[in-house]
1. Checking Ala148 against (1) under 13 Å from Ala235 (Cβ atoms); (2) modelled with pLDDT of 70 or more; (3) open to solvent by 20 Å² or more (accessible area, probe 1.4 Å); (4) among the hydrophobic types (A, V, I, L, M, F, W, C), which test does it fail?
2. Quick one: which residue in Ala269, Ala323, Ala334, Ala283 is modelled with pLDDT under 90 and of a type in the set (A, V, I, L, M, F, W, C)?
3. Assess whether Glu299 counts as being in contact (Cβ under 8 Å) with a residue 60 or more places away in the chain and either open to solvent by less than 20 Å² (accessible area, probe 1.4 Å) or in a helix (DSSP H, G or I) (or both).
4. Being basic (Lys, Arg) and loosely packed, with under 13 Cβ neighbours inside 10 Å is true for just one of Lys21, Lys9, Lys87. Which residue is that?
5. Quick one: count up the residues across region 1-60 that are among the acidic types (Asp, Glu), modelled with pLDDT under 95 and within 18 Å of Leu348 (Cβ to Cβ).
6. Only residues that are of a type in the set (A, V, I, L, M), assigned to a loop (DSSP other than H, G, I, E, B) and within 18 Å of Gly18 (Cβ to Cβ): list them for region 314-358, please.
7. Taking into account only those residues within region 127-138 that are surrounded by fewer than 21 Cβ atoms within 10 Å (Cβ to Cβ) and in contact with a strand residue (DSSP E or B) (Cβ under 8 Å, 6 or more places away or on another chain), which is modelled with the lowest pLDDT?
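The values are calculated or read from the model by the stated rules, or taken from the named source; none is laboratory data. Since the structure is predicted, the reported quantities are computational estimates derived from the model, not experimental observations. Cβ atoms come from the backbone with ideal geometry, glycine included; neighbour counts cover every protein chain shown. The accessibility values were calculated without ligands, DNA or RNA, using every heavy atom of the protein model including side chains. Shrake-Rupley method; radii C 1.70, N 1.55, O 1.52, S 1.80 Å.
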Amino acid sequence: MKPQFDFTKLISPAILGGETKNQDRADYVSPTLSACVCDGVTSSPYADRAAELGVLFSLVLFNHQPEHSLNDLVQILNHHRQMAMAKGIQIPDSAGTATGMYQDILQQKLQSSFQTTLAAVQCRPQTNHLQAKMIWCGDSGIFIYSAAGDLLFSNFSCSNWAPDHAFIAPSPYRVIYDPDHPILTRTLGPLDQFPELVKGNRIKKGHLCQVISNPTNALPAHPQFPSLNAGDLLAVPDHLFSRLKDPDYRDLGTVIYSRQIHPVHTLSAFKPVELIRPGNFTAVLPDDFNRGRWSFIEEQVPLDVSILLCSDGFYHSQKTPEAMWSFLNDYHQATDRTDLERRLHLNLQETVGDDDITFIWIHPRSDTRNS
């Protein structure tokens, strides 16, 4: 029986600070287990329409190769920008001699019109897991939680591989680890048997595995993916852990590529997820597509996960991913959500200034989920 999911959705325009924005858009499609959040850029003319187009296009975003689908959306946004520039903006006669100056300023501003961020996900239930496809551009967030509320994945911490990491038993024998090349590992035991090695690790249920090899050791690693040593240690979640079926090699297993897997440091604990803070540059569509500032990944996650897509207004109103999880549960269970929504805006106003707050939370149906 396929798992059943509910969708909880919030789109709440800014209510404090005297500024009207309303440039976030979000929607979901229950039959395809897909959702999308777009955050129109405040300084961009027609950003609200760009966000609407992004959410509308998400209906077909995963039908083809991600690069081709996203390129189609970029072409649509660019077409609307060109139409807006050709039409221009009429300046009232009351502007007098400054009309020409205003016209030039506004025409220049139209060159950055129709800008939006995008975060989209589509899930396909398999026998023992969900296959989650994710596309994002910019600072809209994607967070995947276990049934117990442990953070399994965030697009803000996609690289768990610290550049100065030190593994146990380093070796010059390099091993390639990427989506096309699973690796052979030796299973050392459940993670809870190695409390000192996995201190700070977000993976609560999993195994400690030691890298052995894969069939492509002679190939150079792509810089986008980590290059491992034979002997390195990995913390592997249970839902990604697989032993070889041969009874003579029970301690061996294969590990597919996943950004949920963590290297185990000998001295340092795992770093917590750092939510993007205001002031950081954010990529936007359509402008940053051709610059390669967008991402697509496919992850294998447990059947009972919850998936959160949100604008920066939501995660900036919270201090940690754990606080977001707590709020989502309170919000889902509340009969009157007005006070909770206002509290979000008050928190945001106190930290970075009020903004539109939007999220879609995909979670197991209420009568089957663990509260």
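1. That leaves (1) as the condition not met.
2. Ala269
3. Here the answer is yes, as Glu299 does meet what is asked.
4. Answer to the selection: Lys87.
5. 1
6. Of region 314-358, the ones of a type in the set (A, V, I, L, M) are 323-324, 328, 334, 340, 344, 346, 348, 352, 357.
Next cut, assigned to a loop (DSSP other than H, G, I, E, B) only: 334, 352.
If the condition is that a residue be of a type in the set (A, V, I, L, M), assigned to a loop (DSSP other than H, G, I, E, B) and within 18 Å of Gly18 (Cβ to Cβ), then Val352 is the only one that fits.
7. By that ranking, first place goes to His129.
To keep it simple, each residue is scored yes or no on (1) open to solvent by 20 Å² or more (accessible area, probe 1.4 Å); (2) modelled with pLDDT under 85.
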position: Ser140; (1), (2): no, no
position: Pro172; (1), (2): yes, yes
position: Tyr177; (1), (2): no, yes
position: Ile183; (1), (2): no, yes
